[in-house]
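Q: Take a look at the following structure, please.
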Number of protein chains: 2
Amino acid sequence: MKFVQPLSRGVLLPIGGAEDKTGQRLILRHFVELCGESPRIAVIPTASAFALDTGDHYCRIFTDLGVRSVECLHIDDRQHADQTATAARLEQVNGIFISGGDQLKLTSLIVGTRLGAAIRRRWHEGIVVAGTSAGASAMSRQMIAFGRSGAQPSQRMVQLASGLGLADNLIIDQHFTQRQRMGRLLTAVALNPGMIGVGIDENTALDIHPDGCCHVVGVGTVTIIDGRQLEYTNIHRAKRHDPLTVTGAPVTLLTCGAQHYLSADVHQSTTY
Amino acid sequence: MKFVQPLSRGVLLPIGGAEDKTGQRLILRHFVELCGESPRIAVIPTASAFALDTGDHYCRIFTDLGVRSVECLHIDDRQHADQTATAARLEQVNGIFISGGDQLKLTSLIVGTRLGAAIRRRWHEGIVVAGTSAGASAMSRQMIAFGRSGAQPSQRMVQLASGLGLADNLIIDQHFTQRQRMGRLLTAVALNPGMIGVGIDENTALDIHPDGCCHVVGVGTVTIIDGRQLEYTNIHRAKRHDPLTVTGAPVTLLTCGAQHYLSADVHQSTTY
């Protein structure tokens with residue numbers, strides 16, 4: 001029996017939230033450029049508590065940036081997300097933009113529906129998927145649903161749930177330096193040994209190419225904790241809010257222009 | 001581009017813990033029979049706080065049941081689990097038995113190592129994997145690491161982590177009726193929409209065949225919550241210990257001899 005890996009993926013562009021929307025709009029412009037000469041973008045504002053406004057806002061920004069075809073997918077409930085017609089609205093786009101808000105609201109409505117499957121399939125077919133804040137967290141399969149701030153990891157610091165499943169080996173966190181999320185990302189890596197934690201600052205994005213090569217866009221830092229090299233964690237011994245021991249997982253900090261190679265494993269649908 | 005699904009899997013036999021070890025040993029005997037005419041079994045007692053004793057105990061039971069080749073894999077640390085020689089010890093077996101204890105201890109030591117990959121690969125090659133209690137929970141990819149008892153689901157009731165990844169769409173819980181775990185399984189399904197929650201009673205097992213057809217062995221009940229049909233959950237709105245709303249996910253209760261079809265999806269390495 002052979003395991004045949006999917007042959008191609010699109011670019012993944014997780015953004016750490018609070019990206020510039022009024023000035024040079026470096027990150028949003030970069031997303032539009034990634035979509036090619038004739039960008040056709042779908043905005044999914046479902047994570048937002050004010051989804052109508054959030055959707056309109058991003059649609060206006062992308063139109064301002066010269067995109068002729070932008071549409072907003074407003075999702076009312078799981079039944080709506082599960083309709084074939086809803087999923088079909090992604091067939092003609094070459095970029096999907098997922099807004100911020102509450103990642104658990106987004107995934108409660110979309111994960112496990114035809115729309116969730118269509119986002120994944122279209123990305124595997126090569127289109128670009130960008131997401132900011134909650135939209136960045138929701139990209140991974142093991143998603144940080146919520147958690148506490150602080151530099152120190154502890155066993156109960158983070159709550160995981162299922163995300164969209166675009167990157168099986170990544171766990172993405174956002175507003176990273178601004179909200180002191182080092183502790184919760186380390187905890188997430190300890191709970192998911194073998195995975196790579198990616199913490200993205202505000203107004204900062206990580207452009208991840210299908211071959212695993214990635215570079216930083218924006219003003220802040222991207223922090224990578226490579227749990228594939230985890231030597232030891234006492235997460236099964238530490239109780240509740242005890243601090244954790246985590247050893248061996250190298251930490252990499254990248255800033256604008258820096259390149260890093262996450263290895264092709266990151267984009268395997270399942271790692272064997 | 002095509003997604004080619006793995007063609008075969010072995011039988012998966014999650015056991016709800018406290019299986020009969022001294023009487024008829026119906027479940028353990030069933031596992032041995034599943035391994036074929038010449039069973040060669042590896043016992044992985046890593047979850048246990050008394051791994052040496054636990055390993056010896058199961059080795060003696062399987063020897064009593066007529067198995068000529070039983071060996072115990074004692075894993076000291078992640079480096080040991082990551083050695084090629086450790087993983088190679090699974091090459092000749094046709095059954096793996098994973099003991100109870102603490103699933104987070106097991107996964108902290110094994111997930112993301114060569115041994116973890118070998119368990120998955122060998123199962124995909126068709127061997128049987130059984131696990132009891134912690135060993136049953138650890139089979140799924142989204143693993144219940146720990147949580148609270150009670151019938152009522154609430155947002156903070158359950159902590160998830162990465163398991164061995166044998167069944168991507170299942171979330172397995174054990175000691176199910178005995179420890180009142182309906183609430184935490186419902187919460188786990190709400191956190192992972194589209195997945196199937198499987199709650200297994202003590203001294204009870206679910207024999208899951210590669211085609212998704214499964215049947216119950218033992219004295220208790222297996223409870224299945226099919227989150228693929230989840231209509232709505234307010235998990236993004238409910239705070240901390242508020243009770244949750246979960247609608248539309250059918251609940252099925254099966255007892256000894258009952259058959260059920262989980263659909264082939266359950267065994268896809270990734271569902272699209």
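The values are calculated or read from the model by the stated rules, or taken from the named source; none is laboratory data. Computed from a predicted structure; not experimentally measured. Neighbour counts run over all protein chains shown; Cβ positions are idealised from the backbone, glycine included. Only protein heavy atoms, including side chains, enter the accessible area calculation; ligands, DNA and RNA are left aside. Shrake-Rupley method; radii C 1.70, N 1.55, O 1.52, S 1.80 Å.
Q: Those residues that are open to solvent by 10 Å² or more (accessible area, probe 1.4 Å) and in contact with a Lys or Arg (Cβ under 9 Å, 6 or more places away or on another chain), I need them from the stretch A:170-180; list them, please.
A: Within the stretch A:170-180, A:His175 is the sole residue that qualifies.
Q: For the structure I just gave you, tell me whether B:Ile224 is β-branched (Val, Ile, Thr), part of a strand (DSSP E or B) and closer than 28 Å to A:Leu166 by Cα.
A: Details: β-branched (Val, Ile, Thr): yes; part of a strand (DSSP E or B): yes; closer than 28 Å to A:Leu166 by Cα: yes.
It is true that B:Ile224 is β-branched (Val, Ile, Thr), part of a strand (DSSP E or B) and closer than 28 Å to A:Leu166 by Cα.
Q: Please determine whether any residue of the stretch B:26-42 is buried (at least 17 other Cβ atoms within 10 Å of the Cβ) and within 14 Å of another protein chain (Cβ to nearest Cβ).
A: no
Q: So, of the residues in the stretch B:124-153 that are of a type outside the set (A, V, I, L, M), in a strand (DSSP E or B) and touching a Leu at 6+ places or on another chain (Cβ under 6 Å), which turns out to be farthest from B:Ile15 (Cα to Cα)? Before the answer, list the steps.
A: Keep residues of the stretch B:124-153 that are of a type outside the set (A, V, I, L, M), which gives B:124-126, B:131-133, B:135, B:137, B:140-142, B:146-150, B:152-153.
With in a strand (DSSP E or B) added as a condition, the list becomes B:131-132, B:140, B:142, B:146-147.
Okay, now just the ones that are also touching a Leu at 6+ places or on another chain (Cβ under 6 Å), so B:140, B:142.
Values: B:Ser140: 13, B:Gln142: 17 Å.
Looking at the filtered set, the residue picked out is B:Gln142.
Q: Look through A:Ile172, A:Ile235 and report the one residue that is among the β-branched types (Val, Ile, Thr), modelled with pLDDT of 95 or more and within 22 Å of B:Arg156 (Cα to Cα).
A: Numbers: A:Ile235 fails: modelled with pLDDT of 95 or more.
Just a single option satisfies the conditions, and that option is A:Ile172.
Q: Please count how many residues of the stretch B:216-238 are within 10 Å of chain A (Cβ to nearest Cβ) and not hydrophobic (A, V, I, L, M, F, W, C).
A: Counting residues in the stretch B:216-238 that are within 10 Å of chain A (Cβ to nearest Cβ) and not hydrophobic (A, V, I, L, M, F, W, C) gives 9.
Q: Where in the stretch B:156-215 are there strands (runs of 3 or more DSSP E), lying fully within it, with 1 or more residues that are within 14 Å of chain A (Cβ to nearest Cβ)? Before you say what the answer is, go through the steps one by one.
A: Numbers: elements: B:158-162, B:170-173, B:196-200, B:204-208.
Answer list for the stretch B:156-215: B:158-162, B:170-173, B:196-200.
Q: Next question. Residues being farther than 24 Å from A:Ser140 by Cβ and assigned to a loop (DSSP other than H, G, I, E, B): count how many of those fall in the stretch A:21-56.
A: Matching residues across the stretch A:21-56 total 10.
Each row is one residue, and each column tells you yes or no for (1) open to solvent by 10 Å² or more (accessible area, probe 1.4 Å); (2) closer than 17 Å to B:Gly194 by Cβ.
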site: A:Gly100; (1), (2): yes, no
site: A:Leu106; (1), (2): no, yes
site: A:Val111; (1), (2): yes, yes
site: A:Arg121; (1), (2): yes, yes
site: A:Val128; (1), (2): no, no
site: A:Thr132; (1), (2): no, no
site: A:Gly147; (1), (2): yes, no
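Q: Considering the stretch A:127-141 alone, what residues qualify as being within 11 Å of chain B (Cβ to nearest Cβ) and at pLDDT 95 or above? Before you say what the answer is, go through the steps one by one.
A: Taking the stretch A:127-141 as the starting set, the residues that turn out to be within 11 Å of chain B (Cβ to nearest Cβ) are A:134, A:141.
The answer is A:Ala134, and nothing else.
Q: Within the stretch B:44-55, identify whether any single residue is open to solvent by 50 Å² or more (accessible area, probe 1.4 Å) and under 19 Å from B:Gln174 (Cβ atoms), and answer yes or no. Explain how you work it out, then say what you get.
A: From the stretch B:44-55, those open to solvent by 50 Å² or more (accessible area, probe 1.4 Å) are B:49-50, B:52-53; that's our starting set.
Those left that are additionally under 19 Å from B:Gln174 (Cβ atoms): B:49-50.
So far as the stretch B:44-55 goes, yes, one or more of its residues are open to solvent by 50 Å² or more (accessible area, probe 1.4 Å) and under 19 Å from B:Gln174 (Cβ atoms).
Q: Any chance you could count how many residues in the stretch A:143-155 are facing another protein chain (nearest Cβ under 10 Å) and modelled with pLDDT of 95 or more? Even if it seems obvious, please write down each step before you answer.
A: Quick first cut of the stretch A:143-155, residues facing another protein chain (nearest Cβ under 10 Å) only: A:143, A:145-146, A:155.
Subset that is modelled with pLDDT of 95 or more: A:143, A:145.
Number of matching residues: 2.
Q: Test B:Ala85 against the criterion of being open to solvent by 10 Å² or more (accessible area, probe 1.4 Å), of a type in the set (A, V, I, L, M) and over 22 Å from A:Arg156 (Cα atoms), and give yes or no. Let's see the steps before the verdict.
A: Values: open to solvent by 10 Å² or more (accessible area, probe 1.4 Å): yes; of a type in the set (A, V, I, L, M): yes; over 22 Å from A:Arg156 (Cα atoms): yes.
Yes: the conditions hold for B:Ala85.
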